Amino acid sequence: GCSNQSVAKRDVLSADMKSKQITWGVKSDTRLFGLENIRTGKLEGFEIDLAKAMTKEILGKDGKCVFVPVTSGTRVPLLKNGNIDAIMATMTITPDRAKQVDFTHSYFDAGQSLLVKKGSPIKNIQDLNHKGAVILGVSGSNSVKNVAKIAPKARVLQLSDYAQAMTALKSKQGQALTTDNGILYGMASENPGYEVVGGNFTKEPYGIAVNKNQQRFRNKLNWALARLEKNGTYNRLLLKWFGNVKGFNYQEMKR
Amino acid sequence: MSMIEFHNVQKYYGKFHALKDINLTIDAGETVVLIGPSGSGKSSLIRTINGLDPIRDGQLIVNGFDLADKKTNVNLIRKDVGMVFQHFNLYNNKTVLENIMLAPRIVLKRPEEENRELAMQLLKKVGLENQAEKMPAQLSGGQKQRIAIARSLAMKPKCLLFDEPTSALDPEMIDDVLDVMKDIAENSNMTMLVVTHEMGFARAVADRVIFMADGRILEDDSTAKFFDDQPSTQRARDFMSKISGH
Amino acid sequence: MSMIEFHNVQKYYGKFHALKDINLTIDAGETVVLIGPSGSGKSSLIRTINGLDPIRDGQLIVNGFDLADKKTNVNLIRKDVGMVFQHFNLYNNKTVLENIMLAPRIVLKRPEEENRELAMQLLKKVGLENQAEKMPAQLSGGQKQRIAIARSLAMKPKCLLFDEPTSALDPEMIDDVLDVMKDIAENSNMTMLVVTHEMGFARAVADRVIFMADGRILEDDSTAKFFDDQPSTQRARDFMSKISGH
Amino acid sequence: MQNFIDAYSWVNVRFLLQGLWITIEISVASIICSFIIGTLLGIIRYEKIHYVSAIVGFIIDLIRNLPLLLIIFFTYFGLPNIGIKPEIIPAAIMALTIFESAMVAEIVRSGILSIDYGQTEGALANGLTKWQALRLIVLPQAIKNMLPALVSQFISLVKDTSLATIIVLPELMYHAQIIYGQNTNYIIPMFVALAVMYFIVCYSLSLLARYLDHHMA
Amino acid sequence: MLEIISSQWPSLLSGLWNTILCSVIALIGSLIIGTFFALLEISKYKVIRIIGSVYVEVFRNIPLLVIAMAFFLIVPMYFTKISGFTAGTIGLTLYTSAFIAETVRAGINSVEAGQLEGALANGLTTGQAMRYIILPQAFKVIIPPLGNQFINLVKNSSVLAFVAGFDLMYEGNMIANDTLQTIPTYFIVGIMYLIITLPLSYYMRHLEKKLA
Ligand SMILES: Nc1ncnc2c1ncn2[C@@H]1O[C@H](COP(=O)(O)OP(=O)(O)OP(=O)(O)O)[C@@H](O)[C@H]1O
Ligand SMILES: Nc1ncnc2c1ncn2[C@@H]1O[C@H](COP(=O)(O)OP(=O)(O)OP(=O)(O)O)[C@@H](O)[C@H]1O
Ligand SMILES: [Mg+2]
Ligand SMILES: [Mg+2]
């Protein structure tokens, strides 16, 4: 165990209250959720907006958020090392992960789906459960783990990011690309020759991860999330980011 | 019959004029010694003869082939014109025996049996028959040079060029090499052109002595004239008085 | 007064016994020539004197310091004992003048003005006053060696060691170097120990001639005895007959 | 084709250039640090100081034999465990410096060995101490001999900064990823741009080295 | 740490195997290609020399990651489908071959000119001199630097992780992501790399001393 005593002992909530800022680990390369705007250099996306709103909720009007870009590979070690206070980076709540970190309630109920070339014989995940089938995913994401369970005979190739996975799909390195539906719909809209098929075959509830032994902080985050859901902020952000995504039924996700 | 003919040969290194208007004829079977101060062009001259260095202008005919002609295959000349270098240039990755047998095998396609026999004979001639399996690095300078001579002889050349064959040797090894060279000069009708400062050797075996300075041939005398009378140029007399005794 | 004293000195390279039981005393002001076949240990002997190579056993006292004693600071010896190498070992990254001025400046802390003056004086002495700003690579071997001698002299040493200072030189450059050495031997009271095969030089300037073979000193004769009578050992007589003339 | 035209919009190119600038800054900082540290380590290793040289040598060997990717992970994720918590850019510089110093140390050691020992002997016999000989005579010559190897090492360093995208260092490669994150169709134009930009920087470095090599007497 | 090893050793071992396989293939390939381009670079003909040095400069000055990506993503789009392992291995081969070309060229140049002249004067052609005299000596000189290239190659093979090449680093990333035990996982991966590279580098040092 390489856990760090000082990080474990530190009470994140009171420290953040005192410094009036929360440090969030967020995605910087994922459309709709967290992506750097190359004109302004600022991060933008649903998760970014939600993190800002939650920060204000917890720390008040003058509360500040600091965003640290993370990837699926770096988010947990950064949290454990104390570089960041919380992760809001398309992280699916799973029992395995819950052993390492604590999750808040889900703040976004994604589901996993498939992106294929239009006209492909593949209609759902079961069509891929045979030897020789190759599914593309992004390393560190929960979706690749799910595929291994649901279509164990298929081979999964894990790439560094969605664009690489999408390009690999175009290069026929695999028959289908799997990840969470929101991301897939975004890619389908840029690439007219491709479509999302088969509906959601898993539930992927995204949660905010905090370190173990930070119950007070987690509770506070849950409390803030609930308030935002109640006062309509949550739905407003959902509309802002997913209202125009073709094929994505954001109405279902309203809270 | 002449083995080597220089007609108005000019040689340059870039802009530097290394050989100036060389005219020289060496007949088959002659032994010629070439002397001169450092940088005078002795090596340059000798290296043009087997095409290691190109000439700019003039005519150079060796063993009947015209070296100034681009179409001439220098390998045909090199088969018949051997060369012995100051620093031996033995093949470091081959045994002594292999050093001698390699070129005859792949250039002359000499049968293996015959090749080995001749090589051993040559080793005996240079007094090193028991060193056949050694690597060059295990030999002293004097031994290396004798192997280099044997390697050249194995090609049965008509002409041998020597570029300061003893000047990298410890003094007590020089005689062994000179003895081999004397033997060749006296007991074969090889054409020999030798750059050396060993005046005792020159006197004993050379038919002619050529003196160069600044890229020009200043003297081309019979051995008797050069040593017993005196060189005709002041330059050559100065040079001789400087090197005498070293 | 003695400058160098060897008492039963033994030197090894690994298991190889390079110097066997050396006993030798050289007085201040003496000029001694050391000869012997290749590998006999001449370089090894000379290099122990300024501590470039360590000795295994025995006593070696140089300029009053005991080299066998670990506590002796060899730098104190080297200040007073200069050395000239076969391959010159000039500082390739410094000009000629800087080569000469460097050690006096940082070791002796000689004032810059005085240092430059002395350096130029020495350059003049070795006949190269117009080469001060050249780099070593631009010089001929003979020039390099004269600079190396000037570099040693700039430290105003009491003793100078020479390890075959002319054997890497073209023959016509040898005299220039030997002339400088003769000048030092005759016109200063420097102690000189010279490894060389230049018998003319030995005869002219040496007080004594030492002959080594196989790591031992076989002869230690006055110059007159060595050259005019004959060396007493057969080994030395053989050697002398072999090298005479080269 | 349209993808290329869109991908190379001024906004995107400017963003790439910003990334390139960070790449250059980080490279220069790491080159300077690793040159200084690497030279010291190389000398320690060359000098055969009791124990110290052996230990330093062993650490250098460990680092040299690990993929840089792992060194980056260990620096960024491992160091906080011993109480050092560098920001991303210092962390990247540290990781690169640790790795490249080990490489430079070996170059320096063999550079020193490449200088004829006669140079040292000449200096010793002339009365200089070992350190003076090393500093004034041997090192200046060794640096010249080392230049080609050093430059190719530094070219590797520039290219290697791209590996630090893995910890989200905002350098050139990362900026390209952000751009093609906006639109997956931009990925190939971005890789082409990456190849060209890295090539220009690295090749200029080797031209510089060649220039220095010719103009250093 | 032990639990990672015990639960993940099949993937670690298969990763190790792929890393070794890729390294060996890339080594052989890059030796052949590198020697070929080294010979081009020392040709008498300017055009051929330029072809040689363009190749070397291009592959030396572009990050391996970019080269590997190009083979993984672009080549299949226009030519033929290749797996991540193949794409990575090809990329690694070409990248390394540029360095090997430089090493071999330096090796050839380090053989003294006298060796070539001796062979020419002895009647051999330039080609024969290369084959029998120069290259055998050059290879002896370059064994230590080649060893270092090989170690670099093993380390660089970690680029396969970016193109789903199922090498050691890829498996390490997977395990780290699955177990979220980042440092212990990479520690194990590091040791596995050292198991390949450390003995190699000590052997190279030994060889270097022996050949010197
Ligand atoms: N490859 C070369 N490039 C440029 N200049 C050269 C080259 N080889 C020789 N030279 C110059 O040509 C001149 C003649 O050189 P050469 O080697 O023929 O003289 P040498 O008489 O053999 O001298 P030494 O007795 O020193 O061997 C010298 O001034 C030398 O500097
Ligand atoms: N560094 C070394 N390691 C091992 N053996 C050595 C070393 N230096 C010299 N020797 C050996 O010691 C013996 C004496 O060498 P030394 O160089 O003193 O001879 P020398 O009389 O100066 O010969 P030369 O006339 O060739 O210079 C030789 O057999 C040599 O091989
Ligand atoms: Mg010459
Ligand atoms: Mg000696």
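The values are calculated or read from the model by the stated rules, or taken from the named source; none is laboratory data. All values reported here derive from a predicted model rather than from experimental measurement. Don't worry about glycine lacking a Cβ; one is built from the backbone with ideal geometry, like all the others, and counts go over all protein chains shown. Accessible surface is based on the protein model in full, side chains and every heavy atom, while ligands, DNA and RNA are left aside. Shrake-Rupley method; radii C 1.70, N 1.55, O 1.52, S 1.80 Å.
Observations on the model:
- DSSP bridge analysis restricted to chain C gives an antiparallel fraction near 55%, rounded to the nearest 5.
- Interface A-D: total buried accessible area of about 2300 Å², 1.4 Å probe, protein heavy atoms only.
- Accessible carbon and sulfur surface of chain C relative to its total accessible area, %, 1.4 Å: 46
- Between helix B:96-106 and chain B there is an angle of about 80 degrees, using the helix long axis and the longest principal axis of the Cα atoms.
- Between this copy and the others, label points of C:S38 are 2.0 nm apart in ascending order, each placed 7 angstrom from Cα in the Cβ direction.
- With both residues required to sit in the protein assembly as shown, DSSP beta bridges show an antiparallel share near 55%.
- Total accessible surface hidden between D and C, rounded to 100 Å², 1.4 Å probe: 1600
- Value of relative contact order over the stretch D:79-158, rounded to a whole percent, pairs C-alpha under 8 Å and six or more apart: 35
- Threshold 40 Å² - residues in the stretch B:214-246 whose accessible area is reduced by that much or more when the chain is no longer isolated, probe 1.4 Å: B:K242, B:H246
- Here D:C33 sits with roughly 50 square angstrom of accessible surface, probe radius 1.4 Å.
- Rounded Å value of the spacing that divides the Cα centres of the stretch A:168-206 and the stretch B:119-161: 77
- Across the stretch C:204-209, coupling constants 3J(HN,Hα) worked out from phi with the 6.51/-1.76/1.60 Karplus curve, θ = phi - 60°, read 6, 10, 6, 7, 9, 10 Hz, and Gly and Pro carry x.
- Where labels lie 7 Å past Cα in the beta-carbon direction, separation of C:A224 and E:V24 in nm: 8.1
- Two-site FRET efficiency, A:A98 against D:I55, from Cβ-Cβ distance with R₀ of 51 Å, rounded to 0.05: 0.75
- Sorted from closest to farthest, the other copies place their C:K134 label points 3.9 nm away, with each point set 7 Å from Cα along Cα→Cβ.
- Amide N proximity, the stretch A:186-222 versus D:D6 label position 7 Å along Cα-to-Cβ, cut-off under 15 Å: A:186-194
- For the pair D:S114 and E:T126, label points projected 7 Å from Cα toward Cβ lie 2.6 nm apart.
- Think of a 1.4 Å ball rolled over the protein heavy atoms: chain D then has 40 Å² of accessible area per residue.
- Comparing Cα centroids, the stretch A:16-75 and the stretch D:1-68 end up 30 angstrom apart.
- Secondary-structure-derived ellipticity at 222 nm for chain A, considering helices only, amounts to -10500 deg cm²/dmol, per-run term -39500 (n - 2.57) for DSSP H runs with n ≥ 4.
- Label-point separation in nm, B:M1 to C:H7, each point 7 Å along Cα→Cβ: 7.6
- Rh by Kirkwood over Cα pairs, then Stokes-Einstein D for the stretch E:2-211 at 1.002 mPa s and 20 °C, µm²/s: 114
- The share of accessible area on the stretch E:2-211 that comes from carbon and sulfur is 70 percent, using a 1.4 angstrom probe.
- Threshold 20 Å², the stretch C:73-89 residues less accessible with all protein chains present than alone (1.4 Å probe): C:N75, C:R78, C:F85, C:N89
- Between 0 and 90°, nearest 10: helix D:172-182 axis offset from chain D longest Cα axis: 10
- Copies compared at B:P54 - label distances in nm, ascending, label defined 7 Å from Cα in the Cβ direction: 5.7
- Based on DSSP H segments of at least four residues, each scored -39500 (n - 2.57), chain E has a per-residue ellipticity at 222 nm of -26500 deg cm²/dmol.
- Accessible surface of the stretch A:184-252 [probe 1.4 Å, protein heavy atoms]: carbon and sulfur percent: 47
- Hypothetical label at B:N23: residues of the stretch B:39-72 whose amide nitrogen lies under 17 Å (7 Å Cα-Cβ projection): B:57-61
- Karplus-derived 3J(HN,Hα), 6.51/-1.76/1.60, for each residue of the stretch A:226-240, Hz, glycine and proline x: 4, 5, 5, 5, 5, 7, x, 4, 4, 5, 4, 5, 4, 5, 4
- Normalised per residue, the accessible area of the stretch A:1-139 is 39 Å², obtained with a 1.4 Å probe and no contribution from ligands, DNA or RNA.
- Chain lengthening between C:R216 and C:Q59 when straightened (0.36 nm per residue, less Cα-Cα): 54.9 nm
- Accessible surface buried by the D/E pair amounts to about 3000 Å², both sides summed, 1.4 Å probe.
- Entries of A:K9/A:K64; C:K134/E:K44; B:K42/B:K144; A:K80/A:K117 with Cα pairs more than 28 Å apart: C:K134/E:K44; A:K80/A:K117
- Distribution of pairwise C-alpha distances over the stretch D:2-216, 10 Å bins, in %: 8, 28, 29, 20, 10, 4, 1, 0
- Helix D:52-64 axis, angle to chain D major axis (alpha carbon atoms, nearest 10°): 20
- Protein heavy-atom accessible surface, 1.4 Å probe, per residue over the stretch E:2-211: 39 Å².
- Cα centroid separation, the stretch E:4-75 to the stretch D:130-200 (Å): 18
- Those residues of the stretch E:57-72 for which accessible area with every protein chain present is at least 30 Å² below the isolated value (1.4 Å probe): E:E57, E:R60, E:N61, E:I62, E:P63, E:L65, E:V66, E:M69, E:F72
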